[in-house]
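Below: one structure, written as structure tokens.
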Amino acid sequence: MKKTLMATALATIGAASALMADPADIPLVIEGEEMISSVKAPDYIPGLDTAYSGWLFRSEETQALEIDDFENPGMPAVDYGLELWSTADGSEGKSCADCHGDISEMAGVRTTMPKVNENGELWAMEEYINNCRVNRMGAEAWKRIKSPEMLAMTAAIGLQSRGMPMNVAIDGPAEPFWKLGEELYYTRVGQLNMSCANCHEDNYGNMIRADHLSQGQINGFPTYRLKWGGLGSIHRRFKGCMKNIRAEPYKPGGPEFLALELYVASRGNGLSVETPAVRN
Amino acid sequence: MKITRRDAVAMGLGATMVAMLPLRVSAAGEEAVMAFTGGAEAGEGDITLTAPEIAENGNTVPISVAAPGAVEIMVLATGNPSPEVANFKFGTASGGAEVSTRMRLAGTQDVIAVAKMADGSFIKTARNVKVTIGGCGG
Amino acid sequence: MASGVKPRVKVPKSAAAGDVITIKTLISHKMESGNRKDKQGNVIPRSIINRFTCDFNGANVIDMTMYPAISTNPYVEFKAKVDASGEFKFTWYDDDGSVYEAAKSITVS
């Protein structure tokens, strides 16, 4: 069983590998603003020469959905996030806006996530938001992966940084987390015994089944996926990829996925934030 | 070597396509056309249906239809559990029989557009859309 | 479904008399097709927006019937001809009886 599955997976990639199709070299311009959709990969990522946005690997029709905000199906969720931003919640009767002011004050925040907090823990956007909700507003935490509110808020905050280059820190207190992330990225797991790198580093540009493999960058999250019919988070996507290789996924919000998020984000340092991106 | 994305997608799909059944309009699809035309034959004419050759996901497939002079357009997806997609009636303030929307396709199939012209005649056109992941269910 | 449904419309602010303009509309709605099953295997009942209309100064621009094959967050783009300043009215009809409305004015010179 195990052998057959693996053979199938590899054969499907293999069959198309003769193509070695480059991501098409076309500019990504969203609402008149040109994004950095390809950039020289950082030196600490020896496996990549150039970092490419996942947008470049999508079909023309899927691409078109991301370049016009009106047509972007993720935008209604952003509207919802903006509404939540100024809605009071919890025992303190406060809204995000009461402390943070206009949401545009969040410009730049997405580019540095995930990052190490004051207590030395690695937190992603979701943890920072829930910390404010629970400890500053007296409100309930939003569920990390399924909550429409969390997705709407991370999308609305992410949008404030759209166009700005990803810039996560990998040194200092972040270093041990980054190292763990790197290790996880290259560790083969699951019945198919594959690592993230087997697909997203060794085979990007190739076809797997009917899908055009990208580098698995996360600069566009949360992204609207046509398959999901809604926005989805980084950890949900990681989970899906692990399930595809028949591996037991790590826990969303857990230390492994957070470390992996930091490492994957660093592979795309320099790419523009595209939140909310649209993928198939 | 540089290959366009479209070529890559098409070539990658090759193997999958061979296994697929030949296409034909479902009985339900034919019935829906007949109901729309009242049994009249729909001929060829100035009607354009724009849809991707290959849709990356059947959940959201963009389509546009234009039929200058039409008073009503019906769109059908012949391979869906039920073929009806949408029906558009153009009123007196319309700027022309031209619309775009997004639809779900359960799999590779023919999409049909039928237009009713101002003189009561009907014209139609069809396009095949290949779907890599079905949009119905799951 | 009446909660959380939000219409968005895009209409040019101004135009010249006799112009044909493009209008874009989108409404957030899950468009539950009635073809899906939940985890227990029960069919999730159909719940869609079944009709969308746009009128300009009382005259109809488009009257659309939607079926479950229309995607989540229904998007419709169409053309209108404007001869005088006025107001576009947009109406979406939900299976559950709810009606969602939006309006946008245009200055025609």
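Regarding region C:5-19, can at least one residue be identified that is more than 8 Å from chain B (Cβ to nearest Cβ), open to solvent by 40 Å² or more (accessible area, probe 1.4 Å), more than 13 Å from the chain's Cα centre (by Cα) and hydrophobic (A, V, I, L, M, F, W, C)?
yes
Go through (1) more than 7 Å from chain B (Cβ to nearest Cβ); (2) part of a strand (DSSP E or B) one by one and return the number of the condition C:Pro45 breaks.
Only one criterion is unmet by C:Pro45, namely (2).
Just the residues that are within 14 Å of B:Phe90 (Cβ to Cβ), facing another protein chain (nearest Cβ under 7 Å) and open to solvent by less than 20 Å² (accessible area, probe 1.4 Å), please, taken from region C:51-77.
C:Phe56, C:Val61, C:Ile62, C:Met64, C:Val76 - these are the residues of region C:51-77 that are within 14 Å of B:Phe90 (Cβ to Cβ), facing another protein chain (nearest Cβ under 7 Å) and open to solvent by less than 20 Å² (accessible area, probe 1.4 Å).
Restricting attention to region B:36-58, does a residue exist that is open to solvent by 10 Å² or more (accessible area, probe 1.4 Å), within 11 Å of another protein chain (Cβ to nearest Cβ) and part of a strand (DSSP E or B)?
Within region B:36-58, one or more residues are open to solvent by 10 Å² or more (accessible area, probe 1.4 Å), within 11 Å of another protein chain (Cβ to nearest Cβ) and part of a strand (DSSP E or B).
Give B:Gly79, B:Gly58 a once-over and let me know the one that is modelled with pLDDT under 95 and within 20 Å of C:Leu26 (Cα to Cα). Quick ask: steps written out before the conclusion?
Working: B:Gly79 fails: within 20 Å of C:Leu26 (Cα to Cα).
When all the criteria are applied, what remains is B:Gly58.
Here are the criteria: (1) of a type outside the set (Lys, Arg); (2) in contact with a Lys or Arg (Cβ under 6 Å, 6 or more places away or on another chain); (3) in contact (Cβ under 8 Å) with a residue 60 or more places away in the chain. Tell me which single one C:Gly34 does not satisfy.
(3)
From the list A:Gly240, A:Gly253, exactly one residue is in a loop (DSSP other than H, G, I, E, B), open to solvent by 20 Å² or more (accessible area, probe 1.4 Å) and small (Gly, Ala, Ser). Which is it? Please lay out each step first, then the result.
On the way: A:Gly240 fails: in a loop (DSSP other than H, G, I, E, B).
Testing whether each residue is in a loop (DSSP other than H, G, I, E, B), open to solvent by 20 Å² or more (accessible area, probe 1.4 Å) and small (Gly, Ala, Ser) leaves just A:Gly253.
Given the conditions (1) touching a residue at least 12 places away in the same chain (Cβ under 8 Å); (2) under 29 Å from A:Ala77 (Cβ atoms), which single one is not true for A:Val189?
Among (1) touching a residue at least 12 places away in the same chain (Cβ under 8 Å); (2) under 29 Å from A:Ala77 (Cβ atoms), the lone unmet condition for A:Val189 is (2).
For residues in region C:30-42 being more than 9 Å from chain A (Cβ to nearest Cβ) and open to solvent by less than 30 Å² (accessible area, probe 1.4 Å), which is farthest from the chain's Cα centre (by Cα)?
Our first condition is that a residue be more than 9 Å from chain A (Cβ to nearest Cβ); within region C:30-42, this holds for C:32-42.
So of that shortlist, the ones also open to solvent by less than 30 Å² (accessible area, probe 1.4 Å) come out as C:32-34.
Numbers: C:Glu32: 16, C:Ser33: 17, C:Gly34: 21 Å.
The extreme case among them is C:Gly34.
Let's see how each residue does on (1) within 21 Å of A:Leu262 (Cα to Cα); (2) assigned by TED's automatic domain parsing to the domain that holds A:Gly32; (3) among the small types (Gly, Ala, Ser):
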{"residue": "A:Pro148", "(1), (2), (3)": "no, no, no"}
{"residue": "A:Leu184", "(1), (2), (3)": "yes, yes, no"}
{"residue": "A:Cys196", "(1), (2), (3)": "yes, yes, no"}
{"residue": "A:Asp211", "(1), (2), (3)": "no, yes, no"}
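Starting from residues that are in contact (Cβ under 8 Å) with a residue 24 or more places away in the chain, in a strand (DSSP E or B) and not β-branched (Val, Ile, Thr), keep the ones in region B:88-108 and report whichever is farthest from the other protein chains (Cβ to nearest Cβ).
Let us first name the residues in region B:88-108 that are in contact (Cβ under 8 Å) with a residue 24 or more places away in the chain, namely B:96-108.
After this cut, where a residue has to be in a strand (DSSP E or B) as well, the list is B:96-103.
Still in the running and not β-branched (Val, Ile, Thr): B:96-98, B:100, B:102-103.
Values: B:Gly96: 5, B:Ala97: 8, B:Glu98: 5, B:Ser100: 4, B:Arg102: 4, B:Met103: 5 Å.
Filtering first and then ranking leaves B:Ala97.
Which of (1) over 30 Å from B:Arg104 (Cβ atoms); (2) touching a Ser or Thr at 6+ places or on another chain (Cβ under 9 Å) does A:Val264 not meet, given it meets every other one?
Of everything listed in (1) over 30 Å from B:Arg104 (Cβ atoms); (2) touching a Ser or Thr at 6+ places or on another chain (Cβ under 9 Å), A:Val264 misses just condition (2).
I'd like the residue in region B:123-138 that is assigned to a strand (DSSP E or B) and surrounded by fewer than 22 Cβ atoms within 10 Å (Cβ to Cβ) and, out of all such residues, is modelled with the lowest pLDDT.
Going residue by residue through region B:123-138, those that are assigned to a strand (DSSP E or B) are B:123-131.
With surrounded by fewer than 22 Cβ atoms within 10 Å (Cβ to Cβ) added as a condition, the list becomes B:123, B:125-128, B:130.
Working: B:Ile123: 95, B:Thr125: 94, B:Ala126: 93, B:Arg127: 93, B:Asn128: 93, B:Lys130: 90.
Only one residue fits best here, namely B:Lys130.
Pairs only if they're at least six apart or on different chains, beta carbon under 9 angstrom, first in region A:259-273 and on the phi > 0 side of the Ramachandran plot, second in a loop (DSSP other than H, G, I, E, B); list them, first residue then second.
A:Gly270/A:Ile36; A:Gly270/A:Ala41; A:Gly270/A:Pro42; A:Gly270/A:Met166; A:Gly270/A:Asn167
Being facing chain B (nearest Cβ under 8 Å) and hydrophobic (A, V, I, L, M, F, W, C) is the filter; apply it to region A:206-237 and report the residue that is most open to solvent (accessible area, probe 1.4 Å).
Taking the candidates together, the pick is A:Ala210.
Considering only residues that are buried (at least 24 other Cβ atoms within 10 Å of the Cβ) and either within 14 Å of chain A (Cβ to nearest Cβ) or under 15 Å from B:Val131 (Cβ atoms) (or both), which ones fall in region B:64-78?
Scanning region B:64-78 gives a single hit, B:Ala77.
Could you pull out the residue among A:Ala124, A:Ala155, A:Ala139 that is surrounded by fewer than 21 Cβ atoms within 10 Å (Cβ to Cβ), modelled with pLDDT of 95 or more and small (Gly, Ala, Ser)? Before you say what the answer is, go through the steps one by one.
Details: A:Ala124 fails: surrounded by fewer than 21 Cβ atoms within 10 Å (Cβ to Cβ); A:Ala155 fails: surrounded by fewer than 21 Cβ atoms within 10 Å (Cβ to Cβ).
Answer to the selection: A:Ala139.
Suppose the filter is among the hydroxyl-bearing types (Ser, Thr, Tyr) and in contact (Cβ under 8 Å) with a residue 12 or more places away in the chain; does A:Thr154 pass it?
On the way: among the hydroxyl-bearing types (Ser, Thr, Tyr): yes; in contact (Cβ under 8 Å) with a residue 12 or more places away in the chain: yes.
Against the criterion (among the hydroxyl-bearing types (Ser, Thr, Tyr) and in contact (Cβ under 8 Å) with a residue 12 or more places away in the chain), A:Thr154 qualifies.
Any chance region A:166-179 includes a residue that's open to solvent by 40 Å² or more (accessible area, probe 1.4 Å), in contact with a helix residue (DSSP H, G or I) (Cβ under 7 Å, 6 or more places away or on another chain) and not in a loop (DSSP other than H, G, I, E, B)?
yes
Which numbered condition in (1) β-branched (Val, Ile, Thr); (2) within 14 Å of chain C (Cβ to nearest Cβ); (3) open to solvent by 30 Å² or more (accessible area, probe 1.4 Å) is the only one that A:Val109 fails?
(2)
Can you say whether C:Asp83 is open to solvent by 60 Å² or more (accessible area, probe 1.4 Å) and either over 14 Å from the mean Cα position of the chain (by Cα) or more than 8 Å from chain B (Cβ to nearest Cβ) (or both), as far as the supplied structure shows?
Numbers: open to solvent by 60 Å² or more (accessible area, probe 1.4 Å): yes; either over 14 Å from the mean Cα position of the chain (by Cα) or more than 8 Å from chain B (Cβ to nearest Cβ) (or both): yes.
Against the criterion (open to solvent by 60 Å² or more (accessible area, probe 1.4 Å) and either over 14 Å from the mean Cα position of the chain (by Cα) or more than 8 Å from chain B (Cβ to nearest Cβ) (or both)), C:Asp83 qualifies.
The values are calculated or read from the model by the stated rules, or taken from the named source; none is laboratory data. Here the structure is a predicted model, which means the values were calculated and not measured. All Cβ positions, glycine included, derive from the backbone under ideal geometry; neighbour counts span all protein chains shown. Remember, those area values only see protein heavy atoms, side chains included, never the ligands or the DNA or RNA. Shrake-Rupley method; radii C 1.70, N 1.55, O 1.52, S 1.80 Å.
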